[in-house]
């Protein structure tokens, strides 16, 4: 053969396919120790995934709770929206600066809505409700517009909410919450009966479903009456709370548009200059979640280092396994180098073994968490293993594999070929 | 034993890594345990500082500052004078004090304390009887508690908690602050006392440090709508239980409860509250320790791994040993000792590192006690031994069960 | 007619090791020229430097000083990756201890240089099969080394050495682990390969193995002391 060869290129040629094949082969040969190393990674990845699932569960629980309290796509406009969450000073300032929101405001806003926003109004007061010989103190009386039923799901179990006509006529009708039904009408059907509030009689036309507690406060102590009837009994309220929503909130950006239109309308109504701060509060379900987010952040910060330690311990186990693998394969590595494998190729082959072990371990960890989640959901919890979590876990596992195998692999590339060929 | 050390020393890198795995596990568990114990102790201290011989009476159960539950929403608050009645009639009770809780928003106005240009809106305003400070064992850094006279005359004087004083008058709020004025809802109150910083806390915060205490009589006059009252009743030494019973009897009478009606008030002691906290916290603590224990488990897997590798690598050596007379149990024992040694070294090392880290934490964090709870140490030692034994068991058995002839023929790996 | 081109030449090669405070001169000024198609045996006692020379020829090691040109390329200045490429494309190694991958079939063992050389799957399979046919092991392609006899293993190793059409076949005591009958078979194979045009260099300390070669170079204390051609 007469071939002239050029000087060989110095670029490192790496066959990834071969590297992975060798990695898998190495794993198959020493199955037990690869299994143990993979198990270590599985345990570490599982802890990470579980923590994420738990935190995610907490956040979702908060979201559904907020939805139950005042509706999933509803936002609130009030003089002061959540007095418990701001500092005392801010509260004082708002109470001073923000004007009260009155009926006239509501009418104007509705006129400016042009079909993009639906408004309802509520006003609250603690009252005693009397039914015959029984009474309930500390009920939460809500004077509301009839549209409220449209804006948020009031979960009417039996009967109905009041209509626009009834509202206009200031009819004295009422919808009772579950606790009130328990206390005032334990043995009788409340529909059609009369309850007395502030000395006036209201006919019970609807009953709410039991909704339970949110953040310790019961949602079942409400009595809903038409806003004009409230005003007739207690006078025009100082300030009202407006609830608003986009008419079709599933359409994309509909809620955003509704919110911005409402904000613009309010600012115009209050005659604010462009640079001036809002003199009203607007609260969307997002905002109330921030508390829970802070809580889950705290938990996450506490759990993260613990999981990190677990991952570190697992990485060490894998590193040990790979180190042993390299030591045992010294001669084989020498042969490969003699036959022309580049240093990078050897690096790739060792790393491949490490990543294969870690990836499979990560997969096992994720699967076991999936199984655990399914099991726990049977007991009534509502946990979910998101795809993103799975992806991140597998990524973390693979990265751990790279990290674990790095130093043993570097050591492998430094093997002196001549010595390796005579090694044991 | 020496054999074990020699065999392990043959592959120092391997052994070291396996040991480090256990060290990480032990350190994680220990640190978690220390932190949990510290948090719990701080909380316990918070409640114990309120007086271990005291019985607290309130019309609601749970945190007095939280909204009431459904069942208790209709209960009426206790009255200030009940305290005196109880002292008179309950034989085991020697003193009483009342604390009126003032809500944060009064008449649509948020409550904040002002001194010159400094404002604090985290202030907790309480109306307290003159004996309150004595009964809850409040330590004064400067000044004095109210007098009975000030209470009766509804004087506008105040005692400030340590953090509040600092917030209003700067870090050097000392004796010179006494006599200065704090504005509350536009009205001036003269500072007559400043409390020492409380030692206990909930993650470093203690509500008592933000308190502005005014005489109960003043509170009754200035804040007539505030009616939630906590009664602090000090029992004679060693008579806490009988005091509790006595108080219950008197209160039931004062509240005019029929014999079959349940209490419409709540009595508790600091130990009881701590107990409730412990019950709630136990679950969280268990989960956290469990999470930390995973690291330990992984460390154990690491040792098992090393042992499995060792057995396969030394197959021929095992054959040789058997050929020269080692019995099966000798082989088994050797491997078990090796794995135990690894775990114990890891366990000891881990405890050492944990102790070191805890000391560092104690230097850096204020109030952090470098306690390594005994159960954590025991857990660490026991789990190391257990890990070593378990991890080494199967490989050791496999080694012991080898056929010597096969072993000798085995290709050196 | 063979072209008497200078195709492998070594000039003043030295390899010096430092052991503690002492200097060990494994090769102390070696000059060697090999033509394409030659059949060369390198002999010497242990410690003569023949192993070192072989490592240098096979690009497993670099000289402390001196030059080494192989097939037009100056090897002594190449970096590690370039040397690996040379080993892959120009050198075919045959070891005393066979050095096959234990868990792999004969076919894949032979394919190994092609894999590292980046040859595509079908092409490399074809080449490997042909290499195994050349050494007479066409029926044992799927066997693993532990299923083959010593002689068969060495044949696989030779096939591997041949598969990438190297410039030289370098054999280090190729019959050291074989019995006399099998040794004879293997040396016959080398003879046949040389007849077919391959340049063969055998390193050995046994006279009867060296007798197969057409030229014998003897080393002593790091220098060539005799260079006898037939």
If you take the residues of the stretch B:23-52 that are surrounded by 19 or more Cβ atoms within 10 Å (Cβ to Cβ) and not in a helix (DSSP H, G or I), which of them is farthest from the other protein chains (Cβ to nearest Cβ)?
-> B:51
What number of residues within the stretch C:82-95 are in contact with a helix residue (DSSP H, G or I) (Cβ under 9 Å, 6 or more places away or on another chain) and in a loop (DSSP other than H, G, I, E, B)?
-> 1
How about the stretch B:153-177: which of its residues are assigned to a helix (DSSP H, G or I) and surrounded by 14 or more Cβ atoms within 10 Å (Cβ to Cβ)?
-> B:162, B:163, B:164, B:165, B:166, B:167, B:168, B:169, B:177
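Condition check ((1) assigned by TED's automatic domain parsing to the domain that holds residue A:239; (2) touching a strand residue (DSSP E or B) at 6+ places or on another chain (Cβ under 6 Å); (3) farther than 30 Å from residue B:120 by Cβ; (4) at pLDDT below 90) across all residues:
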site	(1), (2), (3), (4)
A:96	yes, no, no, yes
A:108	yes, no, yes, yes
A:128	yes, yes, yes, yes
A:148	yes, yes, yes, yes
All but one of (1) within 31 Å of the chain's Cα centre (by Cα); (2) more than 11 Å from chain A (Cβ to nearest Cβ); (3) assigned to a helix (DSSP H, G or I); (4) surrounded by 17 or more Cβ atoms within 10 Å (Cβ to Cβ) hold for residue B:97, so report the exception by its number.
-> (3)
Can you name the residue in the stretch A:92-116 that is in contact (Cβ under 8 Å) with a residue 24 or more places away in the chain and within 14 Å of chain B (Cβ to nearest Cβ) and, of all such residues, is surrounded by the most Cβ atoms within 10 Å (Cβ to Cβ)?
-> A:94
Among residues of the stretch B:281-301, those that are more than 9 Å from chain A (Cβ to nearest Cβ), crowded, with 18+ Cβ neighbours inside 10 Å and farther than 14 Å from residue B:376 by Cα, counted = 1
Given (1) outside any helix (DSSP H, G or I); (2) surrounded by 17 or more Cβ atoms within 10 Å (Cβ to Cβ); (3) modelled with pLDDT of 80 or more, residue A:86 misses just (3)
Odd one out for residue C:133 among (1) without any contact (Cβ under 8 Å) to a residue 12 or more places away in the chain; (2) at the interface with another protein chain (Cβ under 10 Å from one of its Cβ atoms) | (2)
Scanning the stretch A:226-269 residue by residue, the ones that are touching a helix residue (DSSP H, G or I) at 6+ places or on another chain (Cβ under 9 Å), closer than 23 Å to residue A:282 by Cβ and part of a strand (DSSP E or B) total 4
What number of residues within the stretch C:41-61 satisfy the criterion of being assigned to a loop (DSSP other than H, G, I, E, B) and either within 14 Å of chain A (Cβ to nearest Cβ) or surrounded by fewer than 20 Cβ atoms within 10 Å (Cβ to Cβ) (or both)?
-> 8
Which fully enclosed strands (runs of 3 or more DSSP E) of the stretch A:156-225 have 2 or more residues being within 17 Å of residue A:132 (Cα to Cα) and in contact with a strand residue (DSSP E or B) (Cβ under 7 Å, 6 or more places away or on another chain)?
-> A:173-176, A:194-197, A:200-208
Mind listing just one residue for me: the one in the stretch B:12-22 that is touching a residue at least 24 places away in the same chain (Cβ under 8 Å) and surrounded by fewer than 24 Cβ atoms within 10 Å (Cβ to Cβ) and, of those, farthest from the other protein chains (Cβ to nearest Cβ)?
-> B:15
Only one residue in A:366, A:324 is away from every other protein chain (no Cβ under 12 Å) and touching a residue at least 60 places away in the same chain (Cβ under 8 Å), so which one is that?
-> A:366
For the stretch C:209-226, name all the residues that are under 18 Å from residue C:14 (Cβ atoms), more than 16 Å from the chain's Cα centre (by Cα) and touching a residue at least 60 places away in the same chain (Cβ under 8 Å).
-> C:219, C:220, C:221, C:222, C:223, C:224
Being buried (at least 24 other Cβ atoms within 10 Å of the Cβ) and more than 14 Å from chain C (Cβ to nearest Cβ), is that true of even one residue in the stretch A:296-305?
-> no
Consider residue A:353 carefully, then state whether it is out of contact with any strand residue (DSSP E or B) (no Cβ under 9 Å at 6 or more places or on another chain) and free of Cβ contacts under 8 Å to residues at least 24 places away in the same chain.
-> no
Residue within the stretch B:302-316 that is within 23 Å of residue B:377 (Cβ to Cβ) and either away from chain A (no Cβ under 12 Å) or crowded, with 24+ Cβ neighbours inside 10 Å (or both) present | yes
Looking at the stretch C:115-126, which of the residues that are at the interface with another protein chain (Cβ under 9 Å from one of its Cβ atoms) and in a loop (DSSP other than H, G, I, E, B) is modelled with the lowest pLDDT?
-> C:118
Does residue B:289 satisfy being farther than 30 Å from residue B:8 by Cα, outside the structural domain of residue B:158 (by TED's automatic domain parsing) and either free of Cβ contacts under 8 Å to residues at least 60 places away in the same chain or part of a helix (DSSP H, G or I) (or both)?
-> yes
The condition of being surrounded by fewer than 22 Cβ atoms within 10 Å (Cβ to Cβ), closer than 17 Å to residue C:221 by Cα and more than 10 Å from chain A (Cβ to nearest Cβ) holds, among C:105, C:64, only for C:64
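Quick grid of which residues meet (1) closer than 21 Å to residue C:168 by Cα; (2) touching a strand residue (DSSP E or B) at 6+ places or on another chain (Cβ under 8 Å):
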position	(1), (2)
C:17	no, yes
C:31	yes, yes
C:48	no, yes
C:52	yes, yes
C:60	yes, no
C:71	yes, yes
Name the one entry in C:112, C:78, C:100 that is in a helix (DSSP H, G or I) and within 13 Å of chain A (Cβ to nearest Cβ).
-> C:112
For residue B:267: the one exception among (1) surrounded by 19 or more Cβ atoms within 10 Å (Cβ to Cβ); (2) at pLDDT below 90; (3) under 32 Å from the mean Cα position of the chain (by Cα) = (2)
Which numbered condition trips up residue A:73, out of (1) closer than 30 Å to residue A:267 by Cα; (2) at pLDDT below 80; (3) buried (at least 20 other Cβ atoms within 10 Å of the Cβ)?
-> (3)
What strands (runs of 3 or more DSSP E), lying completely within the stretch B:179-256, carry at least 3 residues that are closer than 22 Å to residue B:83 by Cα and touching a residue at least 60 places away in the same chain (Cβ under 8 Å)?
-> B:211-215, B:229-235
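The values are calculated or read from the model by the stated rules, or taken from the named source; none is laboratory data. Everything quoted here is computed from the prediction, not taken from an experiment. FYI the Cβ positions are ideal-geometry reconstructions off the backbone, even for glycines, and counts take in every protein chain you see.
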